[in-house]
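Asks: Just dropping this structure here.
Each value in this text was obtained by applying a stated rule to the coordinates, not by laboratory testing. Quick caveat, the model's predicted, so the values are computed rather than measured. Cβ placement follows ideal geometry from the backbone for every residue including glycine, while neighbour counts extend to all protein chains displayed.
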Amino acid sequence: MNRRLHAHARLAVAALAAALLTAGCGSGATSSTTPQSSPSTTLTATPVATITAAPGWQNAAPSDFGTTIDNPWFPLKKGASWVSKGVKDGKPTLDTYVVTGQAKVILGVTCSVIKDTLTVHGRPIEATSDWYAQDKQGNVWYFGEDTKEFDAAGNVTSTAGTWQSGVNGARPGIFMPADPQVSQGGYQEYLSGQALDRFRIISMTASVKVPAGSFAQAMQTRETTALEPGVVDHKVYVKGIGQVAEQTVKGPKETSFLVSYKP
């Protein structure tokens, strides 16, 4: 829900769509495949006294963080869920985002575990565990993710895109500022050659209409990554809900619009 597909996931969508088309020839039956379970990627980071932030952000200490994420622009309370529908490579996508209530300790910080599952034609193509934590000032930090991609049979084909702060030089970035202002922004994540998403707030008075409703006084961001220099996304956040819309404004067409939200 919260993030544009990685470059490797874009390729996975296209590959899966082709596989589904081939499998569907000559048959009117529909079926779903549950991804086969596989061990999570093992990443270990030693707790440190000072957390080195992504470029542009001030370093922090584990003691600077709490265990609640209640930033009004990106609230991640236990049990909350978001469902969004969109289009990728001309194929319909469904994205389900759930705050699990589970925790993962990274660099001495207790992070909330969010499950993000993307499907095409009802088949999961990517499942991600995202790790977030909020500092005592109210900034929400992004500490990493564990990503798996699946083929049409539900087999894990790749874990590319997985990264964790403190491992191999990866650094956490601020995903949502405590007090968002126009022109504010920076790296949301930082791992050379793998995780370089950046955002910039371009409006605090945007209006948006999605299946879940119509909203005014929304926040609009511009998002880019050096890994895909030809792609620019716009995202819209609503206070009290979080992200409600995402649309590519430059590059291969990709959209995602909120259908339902459960606080």
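Asks: Can you find a residue that is closer than 21 Å to residue 96 by Cα and either of a type in the set (Lys, Arg) or surrounded by fewer than 21 Cβ atoms within 10 Å (Cβ to Cβ) (or both) anywhere in the stretch 193-205?
Replies: no
Asks: Which ones in the stretch 202-214 are in contact with a Lys or Arg (Cβ under 8 Å, 6 or more places away or on another chain) and either hydrophobic (A, V, I, L, M, F, W, C) or part of a strand (DSSP E or B) (or both)?
Replies: Selection gives 202 alone.
Asks: A follow-up question, please. Which of the residues that make up the stretch 104-137 are farther than 20 Å from residue 49 by Cα and of a type in the set (Lys, Arg)?
Replies: Hits for the stretch 104-137 are 115, 123.
Asks: Taking the stretch 226-250, which residues are over 25 Å from residue 99 (Cβ atoms) and touching an Asp or Glu at 6+ places or on another chain (Cβ under 6 Å)?
Replies: Let us first name the residues in the stretch 226-250 that are over 25 Å from residue 99 (Cβ atoms), namely 226-232, 248-250.
The one that is over 25 Å from residue 99 (Cβ atoms) and touching an Asp or Glu at 6+ places or on another chain (Cβ under 6 Å): 248.
Asks: For the stretch 196-229, which positions are under 30 Å from residue 161 (Cα atoms) and of a type in the set (Lys, Arg)?
Replies: 198, 200, 222
Asks: Starting from residues that are crowded, with 16+ Cβ neighbours inside 10 Å and among the aliphatic types (A, V, I, L, M), keep the ones in the stretch 161-179 and report whichever is farthest from residue 51 (Cα to Cα).
Replies: Within the stretch 161-179, the match that is farthest from residue 51 (Cα to Cα) is 176.
Asks: Between 91, 85, 115, 78, which is of a type in the set (Lys, Arg) and either under 20 Å from residue 161 (Cα atoms) or surrounded by 21 or more Cβ atoms within 10 Å (Cβ to Cβ) (or both)?
Replies: 115
Asks: Hey, another quick one. Of all residues in the stretch 227-249, how many are under 24 Å from residue 181 (Cα atoms) and either part of a strand (DSSP E or B) or out of contact with any strand residue (DSSP E or B) (no Cβ under 8 Å at 6 or more places or on another chain) (or both)?
Replies: 16
Asks: Further question on the same structure: Looking at the stretch 211-224, which of its residues are within 17 Å of the chain's Cα centre (by Cα) and free of Cβ contacts under 8 Å to residues at least 60 places away in the same chain?
Replies: 220, 221, 222, 224
Asks: Within the stretch 55-65, track down each residue that is surrounded by 14 or more Cβ atoms within 10 Å (Cβ to Cβ) and either in contact with a helix residue (DSSP H, G or I) (Cβ under 7 Å, 6 or more places away or on another chain) or not in a strand (DSSP E or B) (or both).
Replies: Within the stretch 55-65, 57, 61, 62, 64 meet the criteria.
Asks: What are the residues in the stretch 157-174 that are over 14 Å from residue 196 (Cβ atoms), outside any loop (DSSP other than H, G, I, E, B) and of a type outside the set (Val, Ile, Thr), if any?
Replies: Selection gives 158, 164.
Asks: Of the conditions (1) on the phi > 0 side of the Ramachandran plot; (2) in a loop (DSSP other than H, G, I, E, B); (3) surrounded by 18 or more Cβ atoms within 10 Å (Cβ to Cβ); (4) small (Gly, Ala, Ser), residue 154 fails just one. Which one is it?
Replies: If we test residue 154 against (1) on the phi > 0 side of the Ramachandran plot; (2) in a loop (DSSP other than H, G, I, E, B); (3) surrounded by 18 or more Cβ atoms within 10 Å (Cβ to Cβ); (4) small (Gly, Ala, Ser), just (3) comes out false.
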